[in-house]
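What follows is a set of notes on a single structure, which appears directly below.
The values are calculated or read from the model by the stated rules, or taken from the named source; none is laboratory data. This structure is a prediction, so every number in the text was calculated from the model and none was measured. Neighbour counts are summed over all protein chains in view; Cβ atoms, including those assigned to glycine, are modelled from backbone coordinates with ideal geometry.
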Amino acid sequence: MKNETEKYYIVEIRWTGPDQTGAKYVDYDRYEITTAPTRNTSGDIQLSGWLGPDGSVARYAHGEYGSLAAADYAVVKMLDGDFRRYDGCRFHGYGAVVAIYRPGKYPPMCDGFLDEAVLMAAKNNVVSVPREFTSWDQEKAIVRDLRDAFNRDGYDAPANRIGHALMRVIDDIRA
């Protein structure tokens, strides 16, 4: 039976180090709901704000909640409804992570996978890439079409990263 006095805490965790779009860190950012109070680097309980440096990771506390439902609602509101939720399954320190939220409706693509996906989408005629771009609007439309195709496959990448990938593989596409 659930302990009626149990509290829930939200901690936001962001990768701030190098290689933010590489395979290991592209989907690192998350919000965790935990049964342990958030602590700063000195070990003191801190319920809101930056928790101090932790290598290449930034951690922020987002409050204490009286129920898991209230904590869930707070995270959903912070992420504006655009997230992927996982049930927590690990213990740490003084408590357990009971839920993990990752920003974005779809998992983001790392750069290597993105380059390959852009190349394959063009070679398989998912999008039509002209010999030369005649306008910035034409390039934006192709990037939008690529993003839509990736979303249909259950992945995502920001438009600027798709545009950069398109420019990196453009010679292979036109070959």
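Values computed for the structure shown
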{"item": "Residue satisfying all of: in the stretch 38-95; among the charged types (D, E, K, R) and part of a strand (DSSP E or B); modelled with the lowest pLDDT among these", "result": "Arg90"}
{"item": "Any hit, the stretch 121-143, residues being among the acidic types (Asp, Glu) and touching a strand residue (DSSP E or B) at 6+ places or on another chain (Cβ under 7 Å)", "result": "no"}
{"item": "Filter result for Ala96 (within 30 Å of Thr35 (Cβ to Cβ), out of contact with any Pro (no Cβ under 7 Å at 6 or more places or on another chain) and not aromatic (Phe, Trp, Tyr))", "result": "yes"}
{"item": "Condition met for Thr41 (in contact with an Asp or Glu (Cβ under 8 Å, 6 or more places away or on another chain) and more than 21 Å from Tyr86 (Cβ to Cβ))", "result": "yes"}
{"item": "Matching entry among Gly49, Gly17 (being under 30 Å from Phe113 (Cα atoms), exposed (fewer than 15 other Cβ atoms within 10 Å of the Cβ) and not assigned by TED's automatic domain parsing to the domain that holds Pro158)", "result": "Gly17"}
